[in-house]
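What follows draws every value from the coordinates through simple rules; no lab data is involved. The model shown is predicted, which means the values in this text are computed figures rather than measured ones. Don't worry about glycine lacking a Cβ; one is built from the backbone with ideal geometry, like all the others, and counts go over all protein chains shown.
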Amino acid sequence: MHFCCNKLVDMAVFAKAQVCDNAIKGQTNSLKECSFEKKGCCDNKSFVKEGSDNFQKTSFEMENQNLVFLHTFFYAYVNLFEGLEQNIVPFLNYDPPLIPKDFQVLHEVYLI
């Protein structure tokens, strides 16, 4: 991490942070807090995160129950997106019920 005037200017994870040479040259600061003449203006800081070697070894052996579940789940999931071979209309031969009385006349409801 590169700090200039106690402000974070650049941060890099896998490489070295770039310094702020061009940013200071283009900056017009009336107080002249940050300049090349002042040596303590910029600061580079870094930190290292130590890893842990205390891992448990696990086995990924497939049991019979897991395989049956995976096969069933995969089969159901794939067939979910496959369409039917022909378009089946379930109400094609459906006859509506006979209406003995006209409800509009019975309740005197008319569209105007």
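In terms of the mean number of neighbouring beta-carbon atoms within 10 Å, the peptides 3-11, 100-108, 56-64 order highest first as 3-11, 100-108, 56-64. Partner aspartates and glutamates whose Cα lies under 19 Å from the Cα of residue 16, excluding those fewer than 8 positions away in the same chain, are identified as 43, 50. Each of the peptides 92-99, 75-82 was scored by the mean count of other Cβ atoms within 10 Å over its residues; in descending order, highest first, they stand as 75-82, 92-99. Annotation: amide H-H contacts under 5 Å for residue 9 (H modelled 1.01 Å from N, sequence separation of 5 or more, or interchain): 2, 3, 4. Coupling constants for segment 43-58 follow from the phi torsions by the Karplus curve (6.51 cos²θ - 1.76 cosθ + 1.60, θ = phi - 60°), and in residue order they are 8, 10, 10, 9, 9, 10, 9, 7, x, 10, 9, 8, 9, 8, 7, 10 Hz; glycine and proline get x.
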